[in-house]
Amino acid sequence: MVVALFAIILMTEACGYSRQTEGAVQNDSDSYYSRLMEQHKRWYAAMNVDSMVTSSERIGQYLSRHKNDENDARRRLKAEWLKARGVYFTAILGRPDSGLVYTERALQQMEGLRGVDGLRIIAMANRGDFYRQLGQMDRSVDAYLEALEEADATGMEDTMKVALLLGVSTAYTFMGDYQNSQRWWQKTSLLVPQMNQGDQFIYYNNRGNDHYFQQHYKEALACFTHAAALVRGNADKKWDYFTALTNLGEIFVCLEKADSARVFINQADSFFRAVNFQPLLYYLETERIELTLLEGRKAEALHMVRHCEQKDVAIPAAKVLRLKAEEQVMSETGNYEEAYRIHNELHQLKDSIENANIRMQMNARLMQYEHDKRLLEQQRTIDHERIQSRLAWALLAVALLAVCLLGVLTILWRRRQRMKDIQTRQQIVSMRMENTRNRITPHFIYNALSHEMLAQIEGKEVNLSQLTQLLRRGVEQADMLETTLQEEFNFIDYYVNIERQQMPQPLKYTKEIANDVDTDHVKLPAMTIQIFVENAIKHGLRRQGGELTIRVTRQGAATQVEVTDNGQGLSPSYQEHTGMRVVRQTIQMLNECNRQQIDFGIENLEQGCRSWLLLPDDYHYNLTKK
């Protein structure tokens, strides 16, 4: 029965091919010979042996000329060339032992190279294939399992592992370990819908071999028929197609359907004679002997046995088939002595194969155990690292939680301390404000009473009703931190009316309020404007009279209040009196609690004096709020 070696090697060589950009390339450069290697793969896929041999020799000569001048690109080229040589010696010349030598050298060449993971896995798969050709199925399984480990380690997708799964399944089939082969074939079958045409051909061709060795001929027939149908008419898959026909010829012989067997055997024989592929011609010659005997042409069968065209091949399964056919021919033609000799040789070979299979099955199971043990240890290591990682993350989370908790406690403590500081500051500020504001009342009352007493002494009319109202409102505002502009104006009106009655010259008092100013909603520190008015009358207008004007306007997002007079202005020796110091201290304390700032000032004009106060709209009078 035809094995799956050639199809698998063809697939592994063809995969990874990429057409490079055409262009002028120097004929003695790494780029040129890398391109030639890609062309070499295409010639192999088309089984253009002559061109393949020529290209391989040219690449080998180039590498020989530069053997002392290696670089990464040249090392990769050499690795691919060695791998291709291994395939050539195995698939074309039927020398898998030489193929192994070249493959091992290719793997050594790849050590330390980057970007060759796919190439290395292909070489490892070929190594498993070559061991199978040598009948060393246990090593074949081990090689494929090692390649699968490498594929897992490099993160290769499951669809890229198809060739490796096919290799393991096929190795178990030829080892006679059908329990394991069935397990791996079922695992491989899950990927059939995702396989390309070449992979599907290999699957059905090799799965047919598994059924054949177990003498399940109908199941084998279905697999080989499906494999042939997949590649029928494909010019690039002729080799695969006629391989499937060779297998179909053997199945029809086993089913004793001579006519069908003859058709497939003749077609396959014509192809493989044209390409002079000895291993498959050896199989076909055995099938012809079986077919001739099936048709009852015993003499012709005997002649074919004694005059074989094809030399023996080093494939045990092929030798067993030939000996079985020869024994049957000798028995049916009466050559019992030769039949006995062949029987003994066949028995020894089968015993040898069986013993070898048992030994290989034990070795394979031991190797499988070692692989499973290694994978289990790797999984345990991964699990341990995962647990350590989770533990580390958990400890980090606990540490972060502790830090966060400590931070929260710190923030709460600081907030508590801040609240205490604010309360203390509030008490201090309130006391300072109370002290500062209370300084106005005695000062104001003293000034008002002094004016009235002086007026009475001078015989002027005294209006005690207005004086009473003025003093009452003064005491009330002494306890207030803020007031409205309208309330401030009401107080000023009382004050100006009292003052103007005692002045020797007339006093003209005017208020100019802009239309866009609502005096009921404009807030300001209590008695501030009154201090400005008192300052204007005392230092500028009391002796000679004149004009006193209060002007209120909008300045952007603020309200400006101006108090102007046309008196004599401030003297150079002017010192800030009690009222102005209170205004300054009050505004300073309020500004510390606000982002926007109240601004005020006093200045001389060409004639008279101007005091002004700028009140921002976004301003509060909470001494504890920053």
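Tabulated data
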{"item": "Any hit, segment 574-582, residues being out of contact with any Asp or Glu (no Cβ under 9 Å at 6 or more places or on another chain) and buried (at least 20 other Cβ atoms within 10 Å of the Cβ)", "result": "yes"}
{"item": "Residue list for segment 553-569, restricted to those being in contact with a helix residue (DSSP H, G or I) (Cβ under 7 Å, 6 or more places away or on another chain) and surrounded by 17 or more Cβ atoms within 10 Å (Cβ to Cβ)", "result": "Val561, Val563, Asp565, Gly567, Gly569"}
{"item": "Residues that are open to solvent by 40 Å² or more (accessible area, probe 1.4 Å) and in contact with a Lys or Arg (Cβ under 8 Å, 6 or more places away or on another chain), drawn from segment 305-325", "result": "Asp312"}
{"item": "Arg114 within 30 Å of Tyr282 (Cβ to Cβ), at pLDDT below 90 and open to solvent by 40 Å² or more (accessible area, probe 1.4 Å)", "result": "no"}
{"item": "Residue match in segment 585-594 (condition: under 19 Å from Met480 (Cβ atoms), among the polar types (S, T, N, Q), open to solvent by 10 Å² or more (accessible area, probe 1.4 Å) and modelled with pLDDT under 80)", "result": "no"}
{"item": "In segment 47-65, the residues that are more than 12 Å from Trp81 (Cα to Cα), in contact with a Lys or Arg (Cβ under 9 Å, 6 or more places away or on another chain) and in contact (Cβ under 8 Å) with a residue 24 or more places away in the chain", "result": "Met47"}
{"item": "Residues that are assigned to a helix (DSSP H, G or I) and either surrounded by fewer than 15 Cβ atoms within 10 Å (Cβ to Cβ) or of a type in the set (Gly, Ala, Ser) (or both), drawn from segment 237-262", "result": "Ala244, Gly249, Ala258, Asp259, Ser260, Ala261"}
{"item": "Enumeration of residues in segment 533-552 that are part of a strand (DSSP E or B), of a type outside the set (Asp, Glu) and either farther than 19 Å from Gln486 by Cα or touching a helix residue (DSSP H, G or I) at 6+ places or on another chain (Cβ under 9 Å) (or both)", "result": "Gly546, Leu548, Ile550, Val552"}
{"item": "Residue under evaluation Asp97, criteria (1) out of contact with any Phe, Trp or Tyr (no Cβ under 7 Å at 6 or more places or on another chain); (2) more than 28 Å from Glu354 (Cα to Cα), criterion not met", "result": "(2)"}
{"item": "Out of Leu284, Leu280, sole residue that is in a helix (DSSP H, G or I), open to solvent by less than 30 Å² (accessible area, probe 1.4 Å) and touching a residue at least 60 places away in the same chain (Cβ under 8 Å)", "result": "Leu280"}
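The values are calculated or read from the model by the stated rules, or taken from the named source; none is laboratory data. Please read these numbers as outputs of a predicted model, since none were measured by experiment. Glycine gets a Cβ as well: all are built from the backbone with ideal geometry, and neighbour counts include every protein chain shown. Just the protein is used for accessible areas: all its heavy atoms, side chains included, with ligands, DNA and RNA removed. Shrake-Rupley method; radii C 1.70, N 1.55, O 1.52, S 1.80 Å.
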